[in-house]
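A.B. asks: So that we are looking at the same thing, I have put the structure below in structure tokens.
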Amino acid sequence: MELKLTRPLAILDLETTGTNLAKDRIVEIAVLKVMPDGNMHEKESIINPQMPIPAQVSAIHGITDNDVKDAPTFDQVAKAFYLFLNDCDLAGFNSIRFDLPILMEEFHRAGVTFDLSNRRLVDVQRIFHLMEPRNLSAAYKFYCAKDLEDAHSAMVDVKATYEVLKSQLDRYAGSLKNDIDFLHEFTKDGDYVDLGKRMYYENGVEVFNFGKHKGKVVTDVFKTEPSYYDWIMKSEFPTDFKEKIKGIKERFRKQTT
């Protein structure tokens, strides 16, 4: 079904250096501008973010520091994208929580006022989640073709989860292996050191994933700011994170004595 539009709708997507809305930068922007008469216009650009692209992020979107080294900065393309988007409502997939906040930050840095107050915003991911719930009851219905009675009773939920897992192995037999090692790797959400994702491995080395030292090697921070370790241990971080930090600190101490 074709969209009924009273003004242009710009569908946009960004690739970035990370997910920190305040600090991370755009490395690619693409916009499809759909006109009320059905005509479409495209505008896209690779962007030099003026900061390193972490290796684990490049592994996701495929854009490396070398790819952007000769690309324009956002400052240099801001006016052109402002004009392209200026008369449009805006849409995207997870755009309200991610793409638009990042884009607004970039426009602000470039000294361009990009006002959302009179625009209608459509998030396609939100429609997906509202129309196709992604909870255990929905998964049980989808994979096992049964209604889940007494959902949120702990034992009912774990038994349903077991049934769903077995049904997934049947449904995706060509893609999934009936092997826990494989399933462990398949369902990993990145190569993180701790459960809270506050550190990740980069080439086998622990790197901070939050705060003022985000993107820095943990042991390098211990060298330049030893008090940061004490601050972590005195703060209200999860035990798992603190234990991992203690282990790195102890290893670092042994290596430097």
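The values are calculated or read from the model by the stated rules, or taken from the named source; none is laboratory data. These numbers were taken from a predicted model, which means no experiment stands behind them. In this analysis, Cβ positions are derived from the backbone assuming ideal geometry, glycine residues included, and neighbour counts consider all displayed protein chains.
A.B. asks: Does region 201-219 contain any residue that is over 23 Å from the mean Cα position of the chain (by Cα) and either among the basic types (Lys, Arg) or loosely packed, with under 10 Cβ neighbours inside 10 Å (or both)?
C.D. replies: Scanning region 201-219 turns up no residue that is over 23 Å from the mean Cα position of the chain (by Cα) and either among the basic types (Lys, Arg) or loosely packed, with under 10 Cβ neighbours inside 10 Å (or both).
A.B. asks: Checking ARG97 against (1) of a type in the set (Lys, Arg); (2) assigned by TED's automatic domain parsing to the domain that holds LYS79; (3) part of a loop (DSSP other than H, G, I, E, B), only one condition comes out false. Which one?
C.D. replies: Going through (1) of a type in the set (Lys, Arg); (2) assigned by TED's automatic domain parsing to the domain that holds LYS79; (3) part of a loop (DSSP other than H, G, I, E, B) one by one, ARG97 breaks only (3).
A.B. asks: From ILE127, ILE53, ILE102, grab the single residue that is touching a helix residue (DSSP H, G or I) at 6+ places or on another chain (Cβ under 7 Å) and of a type in the set (A, V, I, L, M, F, W, C). Quick ask: steps written out before the conclusion?
C.D. replies: Values: ILE127 fails: touching a helix residue (DSSP H, G or I) at 6+ places or on another chain (Cβ under 7 Å); ILE102 fails: touching a helix residue (DSSP H, G or I) at 6+ places or on another chain (Cβ under 7 Å).
It is ILE53.
A.B. asks: All but one of (1) at pLDDT 90 or above; (2) not in a helix (DSSP H, G or I) hold for ARG251, so report the exception by its number.
C.D. replies: Of everything listed in (1) at pLDDT 90 or above; (2) not in a helix (DSSP H, G or I), ARG251 misses just condition (2).
A.B. asks: Scan region 234-243 residue by residue and report those that are touching a helix residue (DSSP H, G or I) at 6+ places or on another chain (Cβ under 9 Å) and either basic (Lys, Arg) or modelled with pLDDT of 95 or more (or both).
C.D. replies: LYS242
A.B. asks: Only one of (1) modelled with pLDDT under 95; (2) surrounded by 13 or more Cβ atoms within 10 Å (Cβ to Cβ); (3) closer than 18 Å to ASP24 by Cβ fails for HIS108. Which number is that?
C.D. replies: Condition not satisfied by HIS108: (2).
A.B. asks: Another question, if that's okay. Looking only at region 190-213, how many residues end up being acidic (Asp, Glu) and either in contact with a Lys or Arg (Cβ under 8 Å, 6 or more places away or on another chain) or at pLDDT 95 or above (or both)? It would help to see each step written out before you state the result.
C.D. replies: Taking region 190-213 and keeping what is acidic (Asp, Glu), we get 191, 194, 202, 206.
Then keep just the ones that are either in contact with a Lys or Arg (Cβ under 8 Å, 6 or more places away or on another chain) or at pLDDT 95 or above (or both); that gives 194, 206.
Adding up the residues that qualify gives 2.
A.B. asks: Among the helices (runs of 4 or more DSSP H) contained in region 1-85, which hold 1 or more residues that are among the aromatic types (Phe, Trp, Tyr) and not assigned by TED's automatic domain parsing to the domain that holds GLY215? Step through it out loud before you land on a result.
C.D. replies: Working: elements: 55-61, 65-68, 74-85.
The qualifying helices (runs of 4 or more DSSP H) are 74-85.
A.B. asks: Considering only region 6-40, how many residues are in contact (Cβ under 8 Å) with a residue 12 or more places away in the chain and either over 19 Å from LEU100 (Cβ atoms) or of a type in the set (D, E, K, R) (or both)? Break it down into steps so the answer makes sense when it comes.
C.D. replies: Of the residues in region 6-40, the ones in contact (Cβ under 8 Å) with a residue 12 or more places away in the chain are 6-36, 38.
Retained after the next criterion (residues that are either over 19 Å from LEU100 (Cβ atoms) or of a type in the set (D, E, K, R) (or both)): 6-7, 13, 15, 23-25, 28, 33, 35-36, 38.
Total meeting the criteria: 12.
A.B. asks: Among (1) of a type in the set (Ser, Thr, Tyr); (2) touching a Pro at 6+ places or on another chain (Cβ under 8 Å); (3) within 23 Å of GLN125 (Cα to Cα), which single condition is SER45 missing?
C.D. replies: Single failed check for SER45: (3).
A.B. asks: Tally time: how many residues in region 20-38 are touching a Phe, Trp or Tyr at 6+ places or on another chain (Cβ under 7 Å) and of a type in the set (Val, Ile, Thr)?
C.D. replies: 3
A.B. asks: Right, something else. Within the set of pairs 6 or more residues apart or between chains, which connect a residue that is more than 24 Å from LEU90 (Cα to Cα) inside region 121-143 to a residue that is β-branched (Val, Ile, Thr) with Cβ atoms less than 8 Å apart?
C.D. replies: Once the first residue is more than 24 Å from LEU90 (Cα to Cα) and sits in region 121-143, its partners that are β-branched (Val, Ile, Thr) give LEU136/THR161; LEU136/VAL164; ALA139/VAL164; TYR140/VAL164; TYR143/VAL164.
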